[in-house]
Protein chains: 4
Amino acid sequence: MAVAGRPRSDESHKAILQAAYELLAESGFAAFTFERVAALAGVSRSTIYRWWPSKGALAMESTLGALNAAYQPDPAAPALEQLRTRFHIVARAFKGPTGRIVASMLAESQRDPETLAAFTQNYIEPARASMRELLRRAIAAGELRADFDIELAMDFAFGTLYHQLLLGRSMEPDWIERFADFLLGASQL
Amino acid sequence: MAVAGRPRSDESHKAILQAAYELLAESGFAAFTFERVAALAGVSRSTIYRWWPSKGALAMESTLGALNAAYQPDPAAPALEQLRTRFHIVARAFKGPTGRIVASMLAESQRDPETLAAFTQNYIEPARASMRELLRRAIAAGELRADFDIELAMDFAFGTLYHQLLLGRSMEPDWIERFADFLLGASQL
Amino acid sequence: MAVAGRPRSDESHKAILQAAYELLAESGFAAFTFERVAALAGVSRSTIYRWWPSKGALAMESTLGALNAAYQPDPAAPALEQLRTRFHIVARAFKGPTGRIVASMLAESQRDPETLAAFTQNYIEPARASMRELLRRAIAAGELRADFDIELAMDFAFGTLYHQLLLGRSMEPDWIERFADFLLGASQL
Amino acid sequence: MAVAGRPRSDESHKAILQAAYELLAESGFAAFTFERVAALAGVSRSTIYRWWPSKGALAMESTLGALNAAYQPDPAAPALEQLRTRFHIVARAFKGPTGRIVASMLAESQRDPETLAAFTQNYIEPARASMRELLRRAIAAGELRADFDIELAMDFAFGTLYHQLLLGRSMEPDWIERFADFLLGASQL
DNA sequence: ATTTAAGCGAGACGGTACGTCTTGTCTTGAG
DNA sequence: CTCAAGACAAGACGTACCGTCTCGCTTAAAT
């Protein structure tokens with residue numbers, strides 16, 4: 001049951017998100033201004049202000065799709081193997097626009113608590129939930145020791161990967177393998 | 001042998017660094033502008049531009065002292081114990097202005113590669129060197145297995161701690177203990 | 001023969017005129033915007049746009065009543081005496097909202113020719129016609145010389161009163177008396 | 001004794017005043033925005049804001065020269081003759097940009113009291129002072145009766161001329177003659 | 001009874017301008 | 001040669017209105 005008033009322009013909406021995404025992917029938050037987004041999207045600045053309260057909010061929404069798109073698990077494989085695959089995928093994604101965006105979001109989150117909250121809720125938590133599920137299955141399947149500290153392990157895993165990203169360090173496949181070995185280490189059965 | 005011309009004003013220099021530190025510690029990079037620093041320091045903007053090429057550089061120099069001041073090792077204690085002590089000290093420091101500053105520096109580093117370079121060189125690397133030394137001594141003393149991957153462990157340690165910092169998570173003493181256990185885990189002898 | 005369709009809402013119509021009048025009377029054209037009128041009237045902006053082509057037109061209609069309400073001639077009195085009475089009434093009216101409004105209308109007329117035309121037609125001309133009548137009767141009654149230049153005298157009369165209004169000068173009763181003396185001067189019989 | 005700091009750019013200053021004048025002369029206050037002035041002057045907007053607190057102030061300063069430039073009295077002629085000449089000159093000036101500007105200034109003065117004050121002080125008062133001088137000389141020379149009310153006469157004179165201007169009425173030479181006759185009328189000796 | 005045709009509210013939209021803030025550069029005079 | 005002072009061009013910020021535009025509901029006359 002539609003409300004009164006001219007309906008929101010889906011075209012503009014999409015153009016804004018697309019433009020925002022492009023600017024962020026290309027050069028991070030530095031070149032990310034409402035003015036540029038508006039110009040690139042062919043939209044008036046006020047339309048952006050109408051819908052997004054802050055740069056962080058726009059950045060968040062414009063990148064969510066891209067951030068969560070990558071990982072498609074293979075249910076047939078053992079959980080730990082899936083986990084390793086996932087690490088490789090993340091490392092590869094962090095080389096491109098996705099990495100730039102995640103780094104930018106983390107940076108912007110330090111300025112603006114609402115961006116932090118949104119980033120946590122929309123990106124960090126889903127990613128953790130997905131990894132948590134994998135680790136639980138690994139324990140259930142006897143691939144990991146039952147006393148493996150899942151939450152702490154995820155702090156380590158995400159922390160370490162993000163750290164490499166923020167410091168601009170590449171994560172080559174063999175580093176990822178060593179990383180996974182270190183993380184799961186003696187807990188593997 | 002002094003050169004000609006008016007000598008650099010040590011007073012201004014210190015006032016700038018002090019003002020920069022205060023602004024950063026109080027509200028991070030958000031409120032950290034050349035204009036405010038100049039006003040707070042009672043100094044002209046051009047004097048700041050003369051000596052620091054970027055906000056990152058000024059932020060760096062103004063906070064280095066505070067960042068590196070904390071840790072005073074006790075050479076008598078076992079290396080791993082010193083390491084744990086150090087984790088606790090870092091966690092406590094991250095609760096206050098120091099945490100705010102490190103987070104801000106990491107954030108700013110995402111905008112400006114030079115800040116990243118400076119931050120890496122002036123803060124990350126010394127901290128790693130110091131921790132590396134500790135870990136080497138731990139191995140030498142037989143506290144850690146000889147095949148312990150020092151560099152990778154440091155990626156984990158710093159990454160994890162920074163991650164908690166950036167996400168605004170507190171690091172209580174018992175969490176730090178679990179963190180250290182996980183990090184050193186089965187490698188302890 | 002009424003056409004089809006929902007009839008114009010008299011309630012909205014009045015609310016708009018009332019709101020417009022209040023805003024104008026309170027602070028002139030400065031605070032007089034369609035948005036404010038709509039908000040104050042509890043009416044949608046488009047309803048205003050439907051019926052009034054410009055701010056000037058709305059201002060005009062909303063103030064006409066107040067502007068022309070004041071003067072009630074006393075047919076028994078001599079024409080020149082009625083004229084003087086009228087000057088006093090105008091001077092008093094110009095002290096309040098009416099003055100603010102007339103000044104605003106004259107000001108807005110400088111931006112928008114249609115407002116000027118409307119103002120001339122709806123306010124200036126009726127006022128002149130009424131004064132013209134009075135002056136004609138004064139001549140017919142032998143109160144004024146037959147060669148008195150009525151049109152020119154009205155240019156002087158209105159011009160001078162408006163000038164005082166626009167410059168924010170008060171027109172006290174004794175000033176009005178001197179004003180009338182100067183205007184009619186030697187032409188009185 | 002010059003103060004420290006980069007000296008004000010005379011070039012910019014002049015360009016701003018010139019641009020402001022052109023915009024005002026061409027289309028009055030309607031098209032007179034800081035943005036347009038800045039663009040036309042090739043100057044940044046902030047430079048304008050630095051030096052002029054309001055549109056009125058800029059308009060004032062940019063037009064003063066033009067407004068006061070016109071009248072050059074001929075000391076040899078009788079005062080009243082000079083006065084008539086002056087009326088003709090004013091009427092002619094009001095046909096062009098000067099008229100547009102004076103009307104705009106009066107209009108803007110209704111929005112902004114500071115503009116009114118500035119306009120009164122910088123334009124109205126000097127013009128009155130100059131006419132006052134002429135009228136005094138006329139009385140002294142026995143061209144006008146000694147009890148001629150100079151101030152009131154000036155209210156009439158300026159009021160009437162401005163009124164014609166604001167209402168968009170032309171003031172042809174013969175109208176000016178009749179105007180002067182009415183103003184000075186029976187007071188001429 | 002059902003069209004049909006406005007009126008009306010709500011509110012989105014592309015714009016323009018506002019006044020403020022910060023950046024990095026520049027120009028001067030004083031120390 | 002340094003420094004304070006401060007002007008300058010550039011450009012983004014967030015706000016306020018403008019005039020136009022959908023949209024869905026309401027209200028009455030015409031069918």
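Each value in this text was obtained by applying a stated rule to the coordinates, not by laboratory testing. These figures come from a predicted structure and were not determined experimentally. Reconstructed Cβ throughout: ideal geometry from the backbone, glycine too, with neighbour counts over all protein chains shown.
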To the nearest 20 debye, the protein assembly as shown has a Cα-centred charge dipole, built from +1 on Lys and Arg Cβ and -1 on Asp and Glu Cβ, of 300
Which residue in chain C puts its Cβ closest to the axis that rotates chain C onto chain A, and at what distance in whole Å? C:46, 4
Find which of B:173, B:106, B:146 sits farthest along the positive direction of the dipole of the stretch B:62-173, computed with +1 on the beta-carbon of Lys and Arg, -1 on that of Asp and Glu, about the Cα centre. B:173
In whole angstrom, how far apart do the alpha carbon centroids of the stretch C:89-149 and the stretch B:133-178 sit? 89
Cβ neighbours within 10 Å from other chains - mean over D:120-133: 0
Cα long-axis angle, helix D:55-69 against chain D (0 to 90 degrees, to the nearest 10): 50
To one decimal in nm, how far is residue B:132 from the same spot in the other copies, if labels go 7 Å from Cα toward Cβ? Please give the shortest first. 3.7, 8.7, 10.0
Please tell me which of these pairs span more than 30 angstrom C-alpha to C-alpha: D:55/D:95; A:14/B:55; A:55/A:95; B:55/B:95; B:14/B:95; A:95/B:55? A:14/B:55
With an 8 Å Cα cut-off and a minimum separation of 6 or more residues, compute the relative contact order for chain D in percent. 21
Ascending list, in nanometres, of distances separating the residue C:4 label from those of the other copies (7 Å, Cα toward Cβ): 2.3, 8.0, 9.6
So if I place +1 on the C-beta of Lys and Arg and -1 on the C-beta of Asp and Glu, and nothing else carries charge, what would the dipole magnitude of chain D be about its Cα centre? I want it in debye, nearest 20. 520
Cα-based Debye curve of the stretch C:60-172 sampled at q = 0.21 Å⁻¹ gives log₁₀ I(q)/I(0) of -1.24
With Cα springs under 10 Å, the Gaussian network model of chain D assigns the largest mean-square fluctuation among D:93, D:103, D:140 to D:140
Between residue D:77 and the same site in the other copies, what are the distances in nm, shortest first, taking label points 7 Å from Cα along the C-beta direction? 4.3, 10.2, 10.2
With everything on Cα atoms, drop me the angle between helix C:150-166 and the longest principal axis of chain C, reported from 0 to 90° to the nearest 10. 60
For n ≥ 4 DSSP H runs only, could you compute -39500 (n - 2.57) per run for chain C, divide by its residues and tell me the 222 nm figure to the nearest 500? -22000 deg cm²/dmol
